[in-house]
Amino acid sequence: MPLTLSFRLFKRSFISTLIVTVLLLILTGCEKNTVPQDNSPTWEQPYFGFNAKGLLNTGQQVSYAQQYFSQMHSWIKPNIVIRVTGGTASQTAFENDWTNETISQWTALQQQHQLRFIYVVNGNDSPKNQHDIIQKWISAGARFEFLEMMNEYYLPKFTHGDTSFEEVSRVVTPEIYANEILPEFWEELDRFNLPYYIIFAPTRPDKPDAQQKMDHWNRVMLDSVMQVYPQRNIHATLHLYDSGDDLSSFDYDQIRRLRLQLPEDRHIAVTEAGIINDSLNSDECGLLAVVHFKNLLAQLQKGDYLLDQVLYNTSANNNTANLSPGYSGITPKGTRILQFVNNQLQ
């Protein structure tokens, strides 16, 4: 065979092989890229979290929290929420309590673990001062999910204006809250462009007189959402505690009933929940709290919130704390809640 013909045949064969090889590589690559493999779990639960006692032994509290959240699955942590208050406790204390140092410790925790934060507005402070505190947090790098507009104003101590309680500074009726207090604070806080969660009252089926007052409170709140401020981004917050004696009688259906009365795009945040029973030890409290939280989660939806009471406490007799110096860190209850978060929040 002439050399020229042999070379032509070799060249043709080489080119054909090269084309086939390139086509195979392209097809193989297309096949791999057509259906990307994403094995990370999706989050279909409500967000879960904890109430911080933000200014109580901040250094130790945050140090324990660092250890605690380090034991949670990394993919869960961006769905964990910390609730901080605008005062030292509930509605007390003012702008000077949140120093740059205390704020930076909490924001460092948020950034390290990619946590979500909620801020509870302090109604005993002025709207301007509360704006300045929130801005101080944001300037330090904090990110807030929403602003919770005060705390448990439906309690008799507020409606009676009983100033023997440190956290009570004025009479607060549902009408005063909805028509006076909220607009005063919104004038300063609207600039943050965050959702507002306003107070709804839990049911009291065992106390008819109290239930009547709670029903009135909630009617005023629903009217505020639906009629008075329909263009505002307002959602609902609830606090749901039980003694744990008979969880089967707890009114879990109140969440569903409330949801049916709200616009479809609104969420419910159970920002405090747990078992309040002094006769239980820490482990027993944790076991019952897990049952309570499972029942609550069954009523909540994606985008809602459920927060455990409480992240940290120093009292040796406090059975609700997840973290405590009495246990040099995680309490027995805290261990139960950690197991719940890692194994059942899927």
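Which residue is modelled with the lowest pLDDT, if the candidates are limited to the range 114-152 and must be acidic (Asp, Glu) and over 26 Å from Thr173 (Cα atoms)? Applying the filter and picking the extreme gives Asp132. Checking each residue of the range 298-316 against the condition of being over 30 Å from Arg219 (Cα atoms), at pLDDT 95 or above and outside any loop (DSSP other than H, G, I, E, B) gives at least one match. Report yes if Asp304 is within 24 Å of Ser74 (Cα to Cα) and acidic (Asp, Glu), otherwise no. It is true that Asp304 is within 24 Å of Ser74 (Cα to Cα) and acidic (Asp, Glu). The criterion of at least 1 residues that are among the hydroxyl-bearing types (Ser, Thr, Tyr) is met, among strands (runs of 3 or more DSSP E) falling completely within the range 97-204, by 116-120, 196-199.
Apart from one condition, Asp253 fits all of (1) farther than 20 Å from Ile76 by Cβ; (2) acidic (Asp, Glu); (3) surrounded by 20 or more Cβ atoms within 10 Å (Cβ to Cβ); the exception is (3).
When the range 156-176 is filtered for residues that are crowded, with 17+ Cβ neighbours inside 10 Å and out of contact with any strand residue (DSSP E or B) (no Cβ under 7 Å at 6 or more places or on another chain), the ones remaining, listed by number, are Phe158, Thr159, Val168, Val172, Thr173, Pro174.
Restrict the check to the range 213-234 and report whether at least one residue is in a helix (DSSP H, G or I), within 18 Å of Ser126 (Cα to Cα) and at pLDDT 95 or above. No, the range 213-234 contains no residue that is in a helix (DSSP H, G or I), within 18 Å of Ser126 (Cα to Cα) and at pLDDT 95 or above. Here Asn342 passes the criteria (1) surrounded by fewer than 14 Cβ atoms within 10 Å (Cβ to Cβ); (2) over 19 Å from the mean Cα position of the chain (by Cα) except the one numbered (2).
Could you say whether any residue in the range 192-210 is more than 23 Å from the chain's Cα centre (by Cα) and surrounded by 15 or more Cβ atoms within 10 Å (Cβ to Cβ)? Yes - at least one qualifying residue is present in the range 192-210.
On the basis of being of a type in the set (A, V, I, L, M, F, W, C), surrounded by fewer than 16 Cβ atoms within 10 Å (Cβ to Cβ) and either touching a residue at least 24 places away in the same chain (Cβ under 8 Å) or within 30 Å of Asp190 (Cβ to Cβ) (or both), does Met226 make the cut? Answer is yes for this residue. Filtering the range 57-87 to residues that are more than 24 Å from Ala269 (Cα to Cα) and either acidic (Asp, Glu) or in contact with a Ser or Thr (Cβ under 7 Å, 6 or more places away or on another chain) (or both) leaves Asn57, Thr58. Set side by side, the residues Ser279, Ser324, Ser249, Ser315 differ, and just one is touching a residue at least 12 places away in the same chain (Cβ under 8 Å) and small (Gly, Ala, Ser), which is Ser324.
Among (1) over 15 Å from Ala201 (Cβ atoms); (2) touching a Leu at 6+ places or on another chain (Cβ under 6 Å), there is one condition Asn277 misses while meeting the rest; what is its number? With respect to (1) over 15 Å from Ala201 (Cβ atoms); (2) touching a Leu at 6+ places or on another chain (Cβ under 6 Å), Asn277 is out only on (2). Among the residues of the range 235-266, those that are aliphatic (A, V, I, L, M) and in a strand (DSSP E or B) comprise Ala236, Leu238, Leu240. From the list Gln261, Gln254, Gln299, the one residue that fits, being over 21 Å from Ala52 (Cα atoms), in contact with a Lys or Arg (Cβ under 8 Å, 6 or more places away or on another chain), touching a residue at least 12 places away in the same chain (Cβ under 8 Å) and of a type outside the set (A, V, I, L, M, F, W, C), is Gln299. Could you tell me whether the range 146-169 includes any residue that is touching a Leu at 6+ places or on another chain (Cβ under 8 Å) and within 21 Å of Thr102 (Cβ to Cβ)? Yes, the range 146-169 contains a residue that is touching a Leu at 6+ places or on another chain (Cβ under 8 Å) and within 21 Å of Thr102 (Cβ to Cβ).
The values are calculated or read from the model by the stated rules, or taken from the named source; none is laboratory data. All values derive from a computational prediction rather than experimental measurement. Quick reminder, even Gly has a Cβ in these numbers, built from the backbone with ideal geometry, and neighbours come from all protein chains shown.
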